[in-house]
Amino acid sequence: MSAPKKRNFKIEAFKHRVELDPKYAEKTWKILEHAIHEIYNHNASGLSFEELYRNAYNMVLHKYGEKLYSGLVATMTCHLKEISRSIEAAQGGLFLEELNRKWEEHNKALQMIRDILMYMDRTFVPINHKTPVHDLGLNLWRDNIIYSSKIQTRLLDTLLDLIERERTGEVINRGLMRNVTKMLMDLGSSVYQENFEKPFLEVSASFYSLESQQFIECCDCGEYLKKAERRLNEEIERVTHYLDSKSETKITFVVETEMIANHMQRLVHMENSGLVNMLLDDKYEDLSRMYSLFRRVPEGLSMIKEVMTVHLRETGRQLVSDPDRLKDPVDFVQHLLDAKDKYDKINSTAFNNDKTFQNALNSSFEYFINLNNRSPEFISLYVDDKLRKGLKGVSEEDVEAVLDKVMMLFRYLQEKDVFEKYYKQHLAKRLLSGKTISDDAERSMIVKLKTECGYQFTSKLEGMFTDMKTSQDTMQGFYASQSFDSGDSPTLAVQVLTTGSWPTQPSPSCNLPAEILGVCERFRAYYLGTHTGRRLTWQTNMGTADIKATFGKGQKHELNVSTYQMCVLMLFNSSDHMSYKEIVQATGIPAAELKRCLQSLACVKGKNVLRKEPMSKDIAEDDVFYFNDKFTSKFFKVKIGTVVAQKESEPEKQETRQRVEEDRKPQIEAAIVRIMKSRRVLDHNNIVAEVTKQLQARFLPNPVVIKKRIESLIEREFLERDKADRKLYRYLA
């Protein structure tokens, strides 16, 4: 099939030329001009908008768009000049109302005019790059009304005056203010900014500068911050009610600068009410307000943090160096915990749990806790006190809470190995004397230490618990294998301690009474018979005994005493009185220990089962001791404790410190060897830095000690110095 032929269509011109009335454009414009006048005069109800639209359409169609556009500009300008005069004539408070009313009328008129000239807006305006009718109306309003010499200044003054009156407590017409500022925004952001916002910000800065000076002279810090916060909230509220939302950051910046940034130093250091006073008096609300206001300004929070840190470090330094506090270790640690609780609460309640503030608190506590080299000992004594009696009858949750707080202080210690040394001693005493309130609490503390420092830190502590359990089984086996006569034979309870796990020191064994010695020998024979390759050494300084004693008039008591005290008391079975020197010779107890024993037996009121002559608090070498026949007590069981210092004496402290230093040497050497094994060659400064980094979880090694350990390793041929560079070390495989 053949494709259909294409037909070409042609539109021909009119056969007869259309003749337009020469005065067509003028007549049509007159109709439209009249309509615009009527619209502005509120007589639009009688107009035919369809007919007017057609007239405007035809004018544009017949190429009279320019005449129509320029005529519109002239007519609107004429009307706006009349409106301008009407607004200028308005008096006082009516000025803004008149301006607002005329603005609303102008907008309505503009809407109608735009509807009539819609065709011109769509075709003529874009082709000829003219301003659209609506925008033209706004521009003409701006130029003839807002920029009018008599209106411009008056409008700004009126707006600023109303805002100032509102700031001083007057109620103003916010709806009218919103309409007027919205008008300025509708006319373009530059109109709003130049004719209102910039002067508004300048006036506000002057207002708040003056007001802040007045406030700071007559208010304390807390009161001033309340006023500043109120002013800030007022400005934010003002923006939401009748200003451009973009003005919020600008006006708040003005208030922040004038009321806070310019007075930060004075506020923080204000006498009797500044930051330090707020911290001392627990003014959480004021602190929270200061934090929220100061965080708005540059360096505001840094200043709070700095002043708080200086104050905390100073008060902490006074606390840890106060001689009265050092007399009672438990009270010392309790004050540290109270201070920690207080500042943690301040950070959570007032400072929004700010991480930088928390870090500042941690570094401050670490700083002053380590100023006192007895802090590890005191923290261990605090735990000892709590686990002996302080937490008796307390719920499990509360025990955990106390232990968690102690662990918080433990984390701040730089010498954790010193704490471990003391903790081991105190734990040993608790376990051996059966004075711990709860095995669960003890194990919980060890788990916490293990989590914090690793298995190596707690392995010996766990070994102590294992020994206690094994000892129970050993004693059951011992008694099962022996045939004891029930009666006056002493009952023995032995705890067999593994040498490496317990903090035992070689102590001269005292001369045990014959009655006890027999049972001890039988136990030794049993134990060594069941365990091969072991050695037993009696630690008489760590034991306790229960003795039945009969006093005058047949009064009987059971005395709970230490092993040393038992050895002394048993001497009085065969003698009524003994001199100090005789007791020393008979028992073989070291002098310092013996004096403490005799003090507790003869000098403590209510526990004085012996009496001494001459009577005094201290024991002298020429003292004579007598069995106190007249001893009475309302209790059948009488516990006679040994007079012992809660803290270590200075020589004991030196000895412990020396043992710690000795224990550190192999740890430092091990760290050096580990580092050199992996790095092969390293200079002196880097070795010191790496060793410190590796060991700081347990203690801060002294660079001098590190140097000595390197020398020792060189002597033992683990390392060698580089021949060219003496500061460089090489690892020898």
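The values are calculated or read from the model by the stated rules, or taken from the named source; none is laboratory data. Here the structure is a predicted model, which means the values were calculated and not measured. No Cβ is skipped: glycine too gets one built from the backbone with ideal geometry, and neighbour counts run over all protein chains shown. Note: accessible area is taken over every heavy atom of the protein model, side chains too, but ligands, DNA and RNA are not part of it. Shrake-Rupley method; radii C 1.70, N 1.55, O 1.52, S 1.80 Å.
With the simple model of a label 7 Å out from the Cα in the direction of the Cβ, residue 555 to residue 78 spans 13.0 nm. A Cβ-based charge dipole, computed about the Cα centre of the chain with Lys and Arg at +1 and Asp and Glu at -1, lands at about 2380 debye. Taking only protein heavy atoms and a 1.4 Å probe, the accessible area of the stretch 374-415 is 45% carbon and sulfur. Each DSSP beta bridge with both residues in the chain is either parallel or antiparallel, and the antiparallel ones are about 85%. The spacing between the stretch 592-639 and the stretch 511-572, judged by their C-alpha centroids, is 20 Å.
Using the Cβ-Cβ distance between residue 366 and residue 661 with R0 = 25 Å, the FRET efficiency computed as 1/(1 + (r/R0)^6) comes to roughly 0.70. Each part reduced to its alpha carbon centroid, the stretch 342-406 and the stretch 227-300 end up 33 Å apart.
Between the beta carbons of residue 47 and residue 123, assuming R0 = 35 Å, the FRET efficiency works out to 0.95 to the nearest 0.05. Applied to the stretch 700-705, the Karplus parametrisation 6.51 cos²θ - 1.76 cosθ + 1.60 on θ = phi - 60° returns per-residue 3J(HN,Hα) values of 9, x, 7, x, 5, 5 Hz, with x for Gly and Pro.
Per-residue Karplus couplings for the stretch 371-383, computed as 6.51 cos²θ - 1.76 cosθ + 1.60 with θ equal to phi - 60°, are listed in order as 5, 9, 6, 9, 4, x, 5, 5, 5, 5, 5, 5, 4 Hz, Gly and Pro entered as x. Summary of packing: across the peptides 431-440, 191-200, 85-94, the per-residue average of other C-beta atoms within 10 Å ranks them, highest first, as 191-200, 431-440, 85-94. Amide H contacts of residue 244 (H built 1.01 Å from N, in plane; Pro and chain starts excluded): no residue 5 or more places away or on another chain comes under 5 Å. A simple charge model with +1 on the Cβ of Lys and Arg, -1 on the Cβ of Asp and Glu and nothing else charged puts the dipole of the stretch 88-128 at about 200 debye relative to its Cα centre. How much of the accessible area of the stretch 591-733, in percent, comes from carbon and sulfur atoms when a 1.4 Å probe is used? About 52 percent, which is the carbon plus sulfur part of the accessible surface.
Relative to the dominant Cα principal axis of the chain, helix 591-602 is inclined by about 90°. Each peptide among 721-729, 75-83 gets the average number of other Cβ atoms lying within 10 Å of its residues, and from highest to lowest they stand as 75-83, 721-729. Each label point was placed 7 Å from the Cα along the Cα-to-Cβ direction; for residue 685 and residue 522 their separation is 7.2 nm. The label point for residue 711 and the one for residue 544, both projected 7 Å from the Cα toward the Cβ, are 4.9 nm apart.
In terms of the mean number of neighbouring beta-carbon atoms within 10 Å, the peptides 413-419, 403-409, 475-481 order highest first as 413-419, 403-409, 475-481.
The C-alpha atoms of the chain occupy a region whose extents along the principal axes are 157, 85, 63 Å, arranged from largest to smallest.
Rounded to the nearest 10 degrees, the inclination of helix 198-218 to the longest alpha-carbon principal axis of the chain is 40 degrees. In a fully extended conformation the segment linking residue 532 and residue 577 would gain 11.7 nm over its present Cα-Cα distance, using 0.36 nm per residue. With protein chains left intact and a 1.4 Å probe, residues in the chain average 55 Å² of accessible area per residue. So which aspartates and glutamates pass the test for residue 677, namely a Cα distance under 19 Å, with those fewer than 8 places away in the same chain ruled out? In chain and number order, the partners are 669, 690, 711, 715, 717, 720, 722.
So how tilted is helix 455-481 from the main axis of the chain? Cα-based, degrees 0 to 90, rounded to 10. The helix 455-481 is inclined about 40 degrees to the chain. Other residues within the sphere of radius under 11 Å centred on the Cβ of residue 686, judged by their own Cβ, net out at +1 (K and R +1, D and E -1). Annotation: amide H-H contacts under 5 Å for residue 562 (H modelled 1.01 Å from N, sequence separation of 5 or more, or interchain): 545.
Once you keep just the Cα pairs under 8 angstrom separated by 6 or more residues, what percentage relative contact order results for the stretch 518-592? 19 percent.
What a 1.4 Å probe finds exposed on the stretch 224-287 is 46% carbon and sulfur by accessible area, rounded to a whole percent. When the Cα positions of 503, 206, 364 are compared along the charge dipole of the chain, 503 comes out farthest toward the positive end, with charges on each C-beta of Lys, Arg, Asp and Glu. Available extension along the chain between residue 345 and residue 234 is 36.9 nm, counting 0.36 nm per residue and deducting the alpha carbon span. In a shell of Cβ-Cβ distance under 9 Å around residue 699, excluding residue 699 itself, what net charge do Lys and Arg (+1) and Asp and Glu (-1) give? Cβ neighbours under 9 Å give a net charge of +1.
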